[in-house]
Amino acid sequence: AQRVTQPEKLLSVFKGAPVELKCNYSYSGSPELFWYVQYSRQRLQLLLRHISRESIKGFTADLNKGETSFHLKKPFAQEEDSAMYYCAPDDYKLSFGAGTTVTVRA
Amino acid sequence: NAGVTQTPKFQVLKTGQSMTLQCAQDMNHNSMYWYRQDPGMGLRLIYYSASEGTTDKGEVPNGYNVSRLNKREFSLRLESAAPSQTSVYFCASSEATGGNTIYFGEGSWLTVV
């Protein structure tokens, strides 16, 4: 079945350290993928989308068709990056990934 | 600028009771969704409505029903609540079911005792 998977439920990093959140997808073709973020006491919101190829809040994500991955990266994590992150497929008839909770420690 | 509004925000139900979660969006979106969020399970799609007048099952539809009342409103009904339905429920909407940004409501915390 077509789906996205996030293998890490929890990720803890120190402030200033790099952070990488993994996302793999299981369908062929040229998917559009998204990363959504949920900060404490806020709604889920779009962080970035593959097709825009932009950097949002210092985060980037590259689609790797060979590895079928769309990992989210930031070179220097900040405390305000602590949140729940979801990888999402471009087909919203599918569920999101299981989510990764990121904690950035001072 | 309300976006997606869902009610109620908190609800406690007894096993076997029924209730309806209401959702409305003011962005003239065609597609609407209901998700549940559980620890370790992520955001799972319950039902979706690709356009007004249509509804379809998502990954976890059992125990739920939905109604797309009009283009703005999409309700989720629990006919006979069970403790396994204790969760946070999110309504969302987007212009279409693919390739667009999806906008979420604030969530509804439901506890079934």
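The values are calculated or read from the model by the stated rules, or taken from the named source; none is laboratory data. In this text, all values refer to a predicted model and were calculated from it rather than measured experimentally. Cβ coordinates were reconstructed from backbone atoms using ideal geometry, including for glycine residues, and neighbour counts include every protein chain displayed. In case anyone asks, the SASA skips ligands and DNA or RNA and just uses the protein heavy atoms, side chains included. Shrake-Rupley method; radii C 1.70, N 1.55, O 1.52, S 1.80 Å.
Some points to look at:
- Scanning the range B:25-56 for residues that are assigned to a strand (DSSP E or B) and either under 10 Å from the mean Cα position of the chain (by Cα) or loosely packed, with under 14 Cβ neighbours inside 10 Å (or both) turns up B:Met32, B:Tyr33, B:Trp34, B:Tyr35, B:Arg36, B:Leu45, B:Ile46, B:Tyr47, B:Tyr48, B:Asp56.
- Only residues that are surrounded by 12 or more Cβ atoms within 10 Å (Cβ to Cβ) and in contact with a Phe, Trp or Tyr (Cβ under 8 Å, 6 or more places away or on another chain) were counted in the range B:1-23, giving 6.
- In the range B:87-113, the residue that is nearest to B:His29 (Cα to Cα) out of those that are more than 12 Å from chain A (Cβ to nearest Cβ) and either touching a helix residue (DSSP H, G or I) at 6+ places or on another chain (Cβ under 6 Å) or assigned to a loop (DSSP other than H, G, I, E, B) (or both) is B:Val112.
- Residue within the range B:29-41 that is in contact (Cβ under 8 Å) with a residue 40 or more places away in the chain and either in contact with a His (Cβ under 7 Å, 6 or more places away or on another chain) or away from every other protein chain (no Cβ under 14 Å) (or both) present: no
- Screening the candidates A:Thr5, A:Thr103, A:Thr68 for the property of being more than 27 Å from B:Ala50 (Cβ to Cβ) and among the hydroxyl-bearing types (Ser, Thr, Tyr) yields one hit, A:Thr103.
- Out of B:Thr20, B:Thr5, B:Thr15, sole residue that is β-branched (Val, Ile, Thr) and within 14 Å of chain A (Cβ to nearest Cβ): B:Thr5
- Among the residues listed as B:Ser94, B:Ser51, the single one being over 20 Å from B:Ser18 (Cβ atoms) and without any contact (Cβ under 8 Å) to a residue 24 or more places away in the chain: B:Ser51
- In the range A:40-55, the residue that is nearest to the other protein chains (Cβ to nearest Cβ) out of those that are open to solvent by less than 40 Å² (accessible area, probe 1.4 Å) and out of contact with any Ser or Thr (no Cβ under 8 Å at 6 or more places or on another chain) is A:Leu44.
- The set of residues in the range A:18-39 that are closer than 13 Å to A:Gly97 by Cβ, open to solvent by 10 Å² or more (accessible area, probe 1.4 Å) and within 11 Å of another protein chain (Cβ to nearest Cβ) contains only A:Gln38.
- Applying the set (1) more than 14 Å from chain B (Cβ to nearest Cβ); (2) not in a helix (DSSP H, G or I); (3) not hydroxyl-bearing (Ser, Thr, Tyr) to A:Lys93 leaves exactly one unmet item: (1).
- Test: residue in the range A:69-87 that is open to solvent by less than 70 Å² (accessible area, probe 1.4 Å), in contact with a helix residue (DSSP H, G or I) (Cβ under 6 Å, 6 or more places away or on another chain), closer than 28 Å to B:Ala2 by Cα and touching a residue at least 24 places away in the same chain (Cβ under 8 Å): no
- Residues within the range A:1-27 that are of a type in the set (S, T, N, Q) and touching a Lys or Arg at 6+ places or on another chain (Cβ under 9 Å), tallied: 4
- Long-range neighbours under 7 Å by Cβ, at least six apart or interchain, first residue at pLDDT 90 or above within the range A:93-106, second open to solvent by less than 10 Å² (accessible area, probe 1.4 Å) and in a loop (DSSP other than H, G, I, E, B): A:Val104/A:Ala77
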